[in-house]
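The values are calculated or read from the model by the stated rules, or taken from the named source; none is laboratory data. Treat the numbers as computed from the prediction; the structure is a model and nothing was measured. Cβ placement follows ideal geometry from the backbone for every residue including glycine, while neighbour counts extend to all protein chains displayed.
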Amino acid sequence: MRRAAVLILGLAACAPMASNAVRPDYMGVQTDLLDGDLVNFRVALRGTDDPALVENYAECAAAQYALIRGQAFTRLVRVNTSKEGGTWRSDAVYTISPDLPRGRASIDAVVKVADCGASGIPTV
């Protein structure tokens, strides 16, 4: 009997999480081409306490934008994140390019867009 109880508890740990988890409300992306390969992304979301989610949302938008423009990579230039009244905002600038840019913040757009889709984060 003890062995069956352990097995049941072990299987319960593998069960999918309840769908009552709060999902962020992704509030849209504003994109502005600054100059050549520099693009500004302003995104907003609410329903989370994690500022990394809004920055990831901007990254997803930048990756999709690069693909739309026929480019394969993005690189973060700068990001400013703030929270006001429960809404997180990110103002981020990325470069887009066909070749892997120098720097540690380079992102493979195809890989990132796939990851965003699997994570439920919308792109452009």
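Checking the structure you have, find out if any residue of the stretch 71-82 is of a type outside the set (D, E, K, R), in a helix (DSSP H, G or I), crowded, with 21+ Cβ neighbours inside 10 Å and in contact (Cβ under 8 Å) with a residue 24 or more places away in the chain. No: zero hits. Inside the stretch 20-46, can you point out the residues that are free of Cβ contacts under 8 Å to residues at least 40 places away in the same chain and in contact with a strand residue (DSSP E or B) (Cβ under 8 Å, 6 or more places away or on another chain)? Hits for the stretch 20-46 are Pro24, Asp25, Gly28, Gln30, Asp32, Leu33.
Yes or no, residue by residue, for (1) assigned to a loop (DSSP other than H, G, I, E, B); (2) among the acidic types (Asp, Glu); (3) modelled with pLDDT of 50 or more:
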position: Arg3; (1), (2), (3): no, no, no
position: Leu7; (1), (2), (3): no, no, no
position: Ala13; (1), (2), (3): no, no, no
position: Pro16; (1), (2), (3): yes, no, no
position: Ser19; (1), (2), (3): yes, no, no
position: Val22; (1), (2), (3): yes, no, yes
position: Met27; (1), (2), (3): no, no, yes
position: Asp32; (1), (2), (3): no, yes, yes
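Screening the candidates Asp49, Asp91 for the property of being part of a strand (DSSP E or B) and either touching a strand residue (DSSP E or B) at 6+ places or on another chain (Cβ under 8 Å) or of a type outside the set (A, V, I, L, M) (or both) yields one hit, Asp91.
Evaluation of Ala118 against the conditions (1) small (Gly, Ala, Ser); (2) loosely packed, with under 14 Cβ neighbours inside 10 Å; (3) part of a strand (DSSP E or B) shows that the sole unmet condition is (3).
For the stretch 50-59, the criterion of being within 12 Å of Pro122 (Cα to Cα), surrounded by fewer than 16 Cβ atoms within 10 Å (Cβ to Cβ) and either more than 13 Å from the chain's Cα centre (by Cα) or not aromatic (Phe, Trp, Tyr) (or both) is met by no residue.
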